[in-house]
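The values are calculated or read from the model by the stated rules, or taken from the named source; none is laboratory data. Keep in mind the model is a prediction, meaning the values are calculated, not measured. Glycine gets a Cβ as well: all are built from the backbone with ideal geometry, and neighbour counts include every protein chain shown.
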Amino acid sequence: MDISKSVMVFIEHNGEKIAEVSLELISEATKLAQKLNVSVTAVAMGYNIQSDLEMLGHYGCKKVYYLNDKRLKHFSSIPYAKNVCDVVGRFKPQIVLFGATVMGRDIAPRVASQLKCGLTADCTELKIGEHQMGKKLYKDTLLQIRPAFGGNIIATIVSPESVPSMATVREGVMKLGVADHSKAVKIEKLSCKLPDEDFMTEVLDIIREEKSVDLKGAQIIVSAGMGASDEQALGLVKYLASTLGGVVGGSRPVVDSGVLAKDHQVGQTGVTVRPNLYIACGISGQIQHRAGMSDAKRIVAINSDPNAPIFSIAHYGIVGDVNNIIPKMIKAYKEKV
Ligand SMILES: Cc1cc2nc3c(=O)[nH]c(=O)nc-3n(C[C@H](O)[C@H](O)[C@H](O)COP(=O)(O)OP(=O)(O)OC[C@H]3O[C@@H](n4cnc5c(N)ncnc54)[C@H](O)[C@@H]3O)c2cc1C
């Protein structure tokens, strides 16, 4: 293994815990690093978060560069971006991954523009492969895959001429690996040499808004599309979800119309879910919706249009009106339990 090279992950910590997307990215980085025969490293910053960083080792991270400084306790764009630039400049990873979160979306473009390297936002898949440009063949290049042009094509984006290749990935898109508690990470402390003038904001108070639903952790999701968005049909969707012990999801137009909160949105620009059971009610199944739920173990689709695209990925398809079908499902379920 070439330990001078690495796949690096930016670790997001909210002062209480490491963001799940960072652990998912460490898991993904481990797969990429195996293909490249390099190690997984991470860059983290904050104040007194060292003990939380230990868990990075359980997911395959070999070394974390950690900047511990009271001034880094709360996220601030410029100092965080400058520190990442410094660490990347010093330790020269081949690939750097960020969560496509508020924090990641803020600093990744700053780092990319400072280091003059490519950055692909919202990747849905990452691979190592070859890329031919004219007569030149680039081997072991990061293939950054994501929907483009409104989801009409799946684009593979490469930036082989600039190092590192950088990408952001939304939470839930990459699978969290199984934690191996026998594996440890080496924590290398670095000092933050930034002057106080770089810290231009002062955080006075933090108010966290709790999510209205935990879609990502749910094992049963009953989702409403535009075909189940009126008061009666949505009421049935909610009743079916509560009967089955599940939660309510929705397509983007349903969320955009305001009848469900944003936390309920499944899809490319919503949450990526992998429940045991996903019931799509009045959802056409456009690519942007499927991107967020096609990995569900069992998909049941109810749609009045027999040609709706959702049926192409459904394990069980029911052609009919949600207002007729859902009450029958609830009745059948109640008779069984
Ligand atoms: C960049 C981008 C990102 C996007 N991100 C997302 C995303 O994250 N999530 C997402 O969901 N969408 C997303 N979209 C929107 C996506 O393209 C679709 O427009 C959307 O998924 C359609 O939602 P829908 O299936 O609820 O509505 P529609 O496409 O209008 O489908 C409604 C369906 O309901 C059926 N129906 C109607 N009445 C009934 C009834 N009584 N009983 C049974 N069936 C009935 C119809 O036959 C139809 O198939 C995105 C689009 C873009 C361009």
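Below, the figures for the structure above:
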| item | result |
| --- | --- |
| Test: residue in the stretch 255-263 that is more than 25 Å from Thr124 (Cβ to Cβ), more than 10 Å from the ligand (Cβ to nearest atom) and charged (D, E, K, R) | no |
| Pick from the stretch 216-228, criterion within 24 Å of Val21 (Cβ to Cβ) and modelled with pLDDT of 95 or more, ranking: nearest to the ligand (Cβ to nearest atom) | Ser223 |
| Qualifying residue in the stretch 293-308 (condition: at pLDDT 95 or above, within 26 Å of Val102 (Cα to Cα), touching a strand residue (DSSP E or B) at 6+ places or on another chain (Cβ under 6 Å) and crowded, with 23+ Cβ neighbours inside 10 Å) | yes |
| Out of Gln265, Gln288, sole residue that is surrounded by fewer than 23 Cβ atoms within 10 Å (Cβ to Cβ) and on the phi < 0 side of the Ramachandran plot | Gln288 |
| Residue within the stretch 311-334 that is out of contact with any Asp or Glu (no Cβ under 8 Å at 6 or more places or on another chain), within 25 Å of Glu171 (Cα to Cα) and near the ligand (Cβ under 9 Å from one of its atoms) present | no |
| Count of the stretch 297-322 residues which are touching a Phe, Trp or Tyr at 6+ places or on another chain (Cβ under 7 Å) and over 18 Å from Val237 (Cα atoms) | 0 |
| Matching residues, the stretch 211-240, being part of a helix (DSSP H, G or I) and under 13 Å from Tyr278 (Cα atoms) | Val237, Leu240 |
| Selection within the stretch 266-277 - near the ligand (Cβ under 10 Å from one of its atoms) and either outside the structural domain of His315 (by TED's automatic domain parsing) or farther than 23 Å from Ile325 by Cα (or both) | Gly267, Gln268, Thr269, Gly270, Val271, Thr272 |
| Set Ala19, Ala81, Ala112: member being under 27 Å from Lys216 (Cβ atoms) and at pLDDT 95 or above | Ala19 |
| Residue among Ala280, Ala241 that alone is buried (at least 19 other Cβ atoms within 10 Å of the Cβ) and either assigned by TED's automatic domain parsing to the domain that holds Thr168 or away from the ligand (no atom under 13 Å from the Cβ) (or both) | Ala241 |
| Hits in the stretch 48-66 - residues which are of a type in the set (A, V, I, L, M) and either surrounded by 23 or more Cβ atoms within 10 Å (Cβ to Cβ) or free of Cβ contacts under 8 Å to residues at least 24 places away in the same chain (or both) | Leu56, Val64 |
| Conditions (1) without any contact (Cβ under 8 Å) to a residue 60 or more places away in the chain; (2) within 16 Å of the ligand (Cβ to nearest atom); (3) surrounded by 11 or more Cβ atoms within 10 Å (Cβ to Cβ): number failed by Glu231 | (3) |
| Unique residue being assigned by TED's automatic domain parsing to the domain that holds Ile11 and crowded, with 20+ Cβ neighbours inside 10 Å when the list is Phe149, Phe75, Phe91, Phe98 | Phe98 |
| Options Leu244, Leu260, Leu277, Leu236: the member that is among the aliphatic types (A, V, I, L, M), over 28 Å from the mean Cα position of the chain (by Cα) and closer than 16 Å to Val222 by Cα | Leu236 |
